[in-house]
Amino acid sequence: MTEKDLPMIAGWLAQPHVAEWWDDPETEIAEIREHIDSISVEPLIVELDGKPIAYLQSYDPHLEDDHPYADQPFGTLGIDLSIGRPELIGLGHGSAILRQFVEQLFEEGVPRVIIDPHPNNAPAIRAYEKAGFAAFDTRTTQYGPALMMARDAPQEAS
C-alpha cells in the first residue's frame, strides 16, 4: 500500500458495509497513513484479477505500548480485513483472502494469528470461521467490543 491508495481506501471507509464497523473515515485514514511507515503495522491492498478490492493489515501487538492484545503468545500477529467493494461482499472472498494470507504468515514462522471482529458482525465472524479462526474470548478495549478469534499454526509432527 502507498500514499496514492489513501483516497480509494477513504471511499471504501465511507461505504455503509465498512463504515458500520470502523471509526470516522478521516480518523481512520490518518491512522492508515501513519501505518505506511510503521514498524508495528503492515498495510496492504488486496487485488482480484488486478483490481483492488480490499484493505488488509497485519500488526504486532507486542510492538505497541499497552496494546490490549499483548497478552497473546510472543510472535502472534493481529490482522484486520475490509472488503471495500460492496458487490463483492458475501461471495467468499473474505475467507479466501484470510486463508491465503494466514498460510503465508505461518510459512514465515508466525505461531498464531488473531482477529477481533465486533461481536455483532455476524457476516465477518462467519467468514473468519470459514478461514479457520475460532473464538476464544470477548473483550472491550479502547477499540470497542471485540470477539477475539485465533488460528494457530499447525504443529509439526515429531
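Read-outs throughout are calculated quantities, based only on the coordinates presented, and are distinct from any laboratory measurement. Here the structure is a predicted model, which is why all the values come from computation and not from measurement. Neighbour counts run over all protein chains shown; Cβ positions are idealised from the backbone, glycine included.
List the GluC sites (Glu not before Pro) within region 1-44 that fall in a DSSP loop (any state other than H, G, I, E or B) and whose Cβ has at most 13 other Cβ atoms within 10 Å.
Numbers: sites: GLU3, GLU20, GLU26, GLU28, GLU31, GLU34; in loops: GLU20.
Passing sites in region 1-44 are GLU20.
Quick query: amide H of ASP137 versus all other amide H atoms, modeled in the peptide plane; which residues come in under 5 Å with a sequence gap of 5 or more or a different chain?
MET148
Please tell me the relative contact order of the chain in percent, rounded to the nearest whole number, where contacts are Cα pairs under 8 Å and at least six residues apart.
Details: 221 pairs, mean separation 25.4, N = 158.
Worked out over the chain, it gives 16 percent.
Full extension from LYS51 to ALA134: what is 0.36 nm times the residue separation minus their Cα-Cα distance, to one decimal in nm? Mind showing how you got there, number by number?
Working: separation 83, 0.36 × 83 = 29.88 nm, distance 3.02 nm.
Result for the pair: 26.9 nm of gain on full extension.
Using the Kirkwood radius over Cα pairs, work out the Stokes-Einstein diffusion coefficient for the chain at 10 °C and 1.306 mPa s, in µm²/s as a whole number.
Values: Rh = 16.1 Å.
The estimated diffusion coefficient comes to 99 µm²/s.
When the chain is fully extended, how far beyond the present Cα-Cα distance does HIS118 get from LEU63, taking 0.36 nm per residue of separation? Show your work: numbers first, answer last.
Numbers: separation 55, 0.36 × 55 = 19.80 nm, distance 2.30 nm.
Length gained between HIS118 and LEU63: 17.5 nm.
Can you give me the angle between helix 93-107 and the longest principal axis of the chain, using Cα atoms only, in degrees from 0 to 90, rounded to the nearest 10?
40 degrees
Treating the beta-carbon of each Lys and Arg as +1 and of each Asp and Glu as -1, no other charges, what is the dipole magnitude of region 9-158 about its Cα centre, to the nearest 20 debye? Don't jump to the answer; show the numbers that get you there.
Values: 9 positive and 26 negative charges, 138 e Å.
The dipole of region 9-158 has a size of about 660 debye.
Taking the Cα centre of region 3-152 as the origin and placing charges on Cβ (Lys, Arg +1; Asp, Glu -1), which of TRP12, ALA70, SER38 is farthest toward the positive end of the dipole?
TRP12
Dividing the Cα convex hull volume of region 66-111 by residue count, how many Å³ per residue is that?
Values: hull volume 4.3 nm³, N = 46.
Per-residue hull volume (Cα only) is 93 Å³.
Could you tell me how many degrees, from 0 to 90 and to the nearest 10, lie between the Cα long axis of helix 25-35 and the main elongation axis, the longest principal axis, of the Cα atoms of the chain?
50 degrees
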